[in-house]
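What follows is a set of notes on a single structure, which appears directly below.
The values are calculated or read from the model by the stated rules, or taken from the named source; none is laboratory data. Computed from a predicted structure; not experimentally measured. Quick reminder, even Gly has a Cβ in these numbers, built from the backbone with ideal geometry, and neighbours come from all protein chains shown.
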Amino acid sequence: MPRIRYHVAASLDGYIAGRHGEFDWITHDPTIDFAALFAQFDTFLVGRRTFELMLQPDAPPRPAGTRTFVFSRTLPDTVPVPTASLVREVSQATVAPIKEQARKDIWLFGGGELFRSFLDAGLVDTVEVAVIPVLLGGGLQLLPQPARQAKLRLTGHRVYPSGVLITGALDWLIPPAFGEEYVALAKKAGDRAELTVIEGAGHFEVIAPGTQAWPTVEKAVWSLAKPNSQ
Ligand SMILES: NC(=O)c1ccc[n+]([C@@H]2O[C@H](COP(=O)([O-])OP(=O)(O)OC[C@H]3O[C@@H](n4cnc5c(N)ncnc54)[C@H](OP(=O)(O)O)[C@@H]3O)[C@@H](O)[C@H]2O)c1
């Protein structure tokens, strides 16, 4: 079943955009494998305000073959983008058919207000944050107030040379140099596993669930272990 994943870039103090909607603080790190990230998804869920930004002439195109669902109670019925569909409310009933159609995971793209609606409806499977090493001091919150508390479990993270730290799903965070064998094991371990990738530590170790030891290889530390029980 496709997962709904809120994957978002945030400042260390928890903002997804500056006070005036700025996003020039988001570090460009060429070592982040965006192709691998985008390959995980075929569906985007966006709030009306984020969608309006996606319609700007300088906005990057959405990947071919993907679908976008725009959530809005106010937009007119005809959305001026052929690959987007309008959804009037966030509920099990409106989201179930989207999940049924998806063949890959679903990117809950944001912004914060739409995330809060999905969280309230119990429809978020993962929260994946690219923590940018900056303190903005104000702006749009990752989860706007008021919102309910939600406990999370860390399943994986990777620290990049620029200082960007990404938390989240295991498979795409694994450096390609580790090879398909490792990606396959991480996928098999799925939600039972925790992944840690630390760049530049001189070596990496892999411990599969069930304490199976993996070869030690150069360049990073990689651990794959059973999470603590909650
Ligand atoms: N850092 C990142 O990775 C990232 C990613 C995405 C977006 N952003 C930023 O986030 C900002 C926009 O976020 P935002 O929180 O202000 O707005 P948003 O979540 O993009 O859009 C909010 C709108 O979504 C609609 N909506 C929300 N909940 C709904 C529900 N339950 N049912 C139906 N419609 C619903 C409403 O549209 P109507 O008012 O039309 O009803 C609401 O006004 C932008 O500045 C963007 O750059 C950052």
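Can you name the condition, by its number, that SER162 falls short on among (1) in contact with a strand residue (DSSP E or B) (Cβ under 8 Å, 6 or more places away or on another chain); (2) outside the structural domain of LEU12 (by TED's automatic domain parsing)?
(1)
Might you check whether a residue that is without any contact (Cβ under 8 Å) to a residue 12 or more places away in the chain and assigned to a loop (DSSP other than H, G, I, E, B) occurs anywhere in segment 29-36? I'd like the intermediate steps shown before the answer.
First, the residues of segment 29-36 that are without any contact (Cβ under 8 Å) to a residue 12 or more places away in the chain: 30, 34-35.
Narrowing the set further to residues that are assigned to a loop (DSSP other than H, G, I, E, B) leaves 30.
Yes, that holds for at least one residue.
Quick check: anything in segment 19-36 among the β-branched types (Val, Ile, Thr), farther than 22 Å from GLY112 by Cβ and more than 14 Å from the ligand (Cβ to nearest atom)?
yes
Looking at (1) touching a Ser or Thr at 6+ places or on another chain (Cβ under 6 Å); (2) within 30 Å of HIS20 (Cβ to Cβ), which is the only condition ARG67 fails?
(2)
Go through the residues of segment 168-188 one by one and say whether even a single one is in a loop (DSSP other than H, G, I, E, B), at pLDDT 80 or above, more than 16 Å from GLY14 (Cβ to Cβ) and out of contact with any Leu (no Cβ under 7 Å at 6 or more places or on another chain). Please lay out each step first, then the result.
Step one: of segment 168-188, the residues in a loop (DSSP other than H, G, I, E, B) are 168-169, 174-175, 179.
This time we only want the ones that are at pLDDT 80 or above, so: none.
No, segment 168-188 contains no residue that is in a loop (DSSP other than H, G, I, E, B), at pLDDT 80 or above, more than 16 Å from GLY14 (Cβ to Cβ) and out of contact with any Leu (no Cβ under 7 Å at 6 or more places or on another chain).
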